[in-house]
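Readers should treat all values here as calculations from the given coordinates under stated rules, not as data from a laboratory. On a predicted model such as this, the values are computed, not experimentally measured, just so you know. Because the Cβ atoms are built from the backbone with ideal geometry, glycine has one as well, and the counts that use them run over all protein chains shown.
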Amino acid sequence: MHLPIIYQSTDYVAIDKPPGLLVHRTQLDAYATEFALQLLRDQIGQEVFPCHRLDRATSGILLFALNREALCFAQTQFTERTTHKEYHAVVRGWAEDAGEINYDLRAEDHPSKSQSSQTRYTCVNRVELALPVSRYPTARFSLLKLIPLTGRKHQLRRHMAHLRHPIIGDTCHGDSAQNRFLREHFGVQRLLLRATKLEIDIPNCRTRLQLEAPQACEFSQLVEALNLS
């Protein structure tokens with residue numbers, strides 16, 4: 001598998017990670033044979049270090065450092081929440097124009113521990129399809145821009161489920177009837193969540209690095225098929 005590179009310097013390289021690809025080896029899937037870290041290392045011929053997480057099912061911008069100094073510089077910003085990240089997602093129903101979700105999430109590995117979590121969202125477009133789904137006479141979907149203000153595990157997926165607008169294709173927190181509807185009518189086989197923008201400071205540069213994911217991709221094609229673009 002060849003990974004699309006969207007940025008490369010002496011300190012960093014950013015790829016457009018495809019959905020379904022793990023960032024690195026994990027016990028979550030002992031049988032997986034391909035990982036972004038190893039693929040990119042072999043592709044560019046040097047060691048790489050992931051600066052942040054990106055869920056296996058999510059596509060989009062994934063930043064790697066090319067040395068440990070650059071890694072520390074970037075990870076400090078992610079830890080201190082001074083980076084700016086944007087995602088786009090297709091969700092069930094018609095969402096409000098904009099809002100902010102302040103809903104504490106329990107750590108999935110420590111259910112007794114609750115963590116403050118905030119997500120800001122803006123509705124980009126809405127669509128209603130004259131096709132019945134579940135108990136509803138029509139199917140409604142929204143395209144949202146999501147900005148996580150905190151970095152909890154599966155935060156965007158869990159926050160949208162809490163808002164009653166689960167992300168399409170989410171098999172853990174989503175709506176199985178809606179997922180099946182889009183799979184059968186539009187061939188949607190993936191989570192419709194994409195990391196589309198990342199702003200971060202880089203060493204010896206006065207301006208922030210601004211990365212944007214390519215528009216020409218499977219996610220955009222599905223958005224266009226739903227008349228949400």
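Within the stretch 5-225, what percent of beta bridges assigned by DSSP are antiparallel, to the nearest 5? Kindly include the intermediate steps, with their values, before the conclusion.
Working: 47 of 50 bridges.
That works out to approximately 95 percent antiparallel.
Across the stretch 198-212, coupling constants 3J(HN,Hα) worked out from phi with the 6.51/-1.76/1.60 Karplus curve, θ = phi - 60°, read 9, 10, 8, 6, 10, x, 6, 9, 6, 9, 6, 6, 10, 10, 10 Hz, and Gly and Pro carry x.
If contacts are Cα pairs under 8 angstrom and at least 6 residues apart, what is the relative contact order of the chain in percent? Don't jump to the answer; show the numbers that get you there.
On the way: 463 pairs, mean separation 45.1, N = 229.
Value for the chain: 20 percent.
Taking Cα pairs under 8 Å and at least six residues apart, what relative contact order does the stretch 144-219 come out at, in percent?
On the way: 67 pairs, mean separation 13.2, N = 76.
Here the relative contact order equals 17 percent.
Pick from Ser112, Ser142, Ser134: which residue has the top mean-square fluctuation in a GNM of the chain where Cα pairs under 10 Å get a spring? For the chain, modelled as a Gaussian network with Cα springs under 10 Å, the answer is Ser112. Springs between Cα atoms under 10 Å define the GNM used for the chain, and in it the highest mean-square fluctuation of Leu39, Leu63, Leu22 occurs at Leu39. Note on Lys113 and His24: with the Förster distance fixed at 25 Å, the Cβ-Cβ geometry gives a FRET efficiency of about 0.50.
Placing unit charges on the Cβ atoms of the charged side chains and taking the dipole of the chain about its Cα centre, the candidate lying farthest along the positive direction among Pro137, Tyr87, Pro166 is Pro137.
Where Lys and Arg each count +1 and Asp and Glu each count -1, what net charge lies around Val91 among other residues with Cβ under 12 Å from its Cβ? If you can, show how the numbers build up before the last one.
Details: positive: Arg92, Arg126, Arg140, Lys145, Arg157, Arg164; negative: Glu96, Asp170, Asp175.
Combined, the nearby Lys, Arg, Asp and Glu give +3.
Fewest-first ordering of Thr207, Thr83, Thr10, Thr122 by other beta carbons within 10 Å of each residue's beta carbon gives Thr207, Thr10, Thr122, Thr83. Taking a 20 Å limit on the Cα-Cα distance, which of the listed pairs Lys85/Lys153; Lys113/Lys197; Lys145/Lys197 fall beyond it? The answer is Lys113/Lys197.
Between Thr79 and Arg183, what FRET efficiency comes out of the Förster formula 1/(1 + (r/R0)^6) with R0 = 35 Å and r the beta carbon distance, rounded to 0.05? Before the final figure, lay out the partial values.
Values: r = 38 Å, r/R0 = 1.07.
The computed FRET efficiency comes out at 0.40.
Here is the size of the chain from its Cα atoms: Rg then Dmax, 18.0, 57 Å. Taken over the Cα atoms of the stretch 123-229, the convex hull encloses 124 Å³ per residue.
Net charge near Ser9: determine it from the other residues with C-beta under 14 Å of the C-beta of Ser9, scoring Lys and Arg +1 and Asp and Glu -1.
On the way: positive: Arg208; negative: Asp11, Glu69, Asp201.
Net charge in that neighbourhood comes out at -2.
Contour minus end-to-end for Glu96 and Leu129, with contour as 0.36 nm per residue of separation and end-to-end as the Cα-Cα distance? Write down the numbers at each step before the final one.
Values: separation 33, 0.36 × 33 = 11.88 nm, distance 1.82 nm.
Stretched fully, the Glu96-Leu129 segment lengthens by 10.1 nm.
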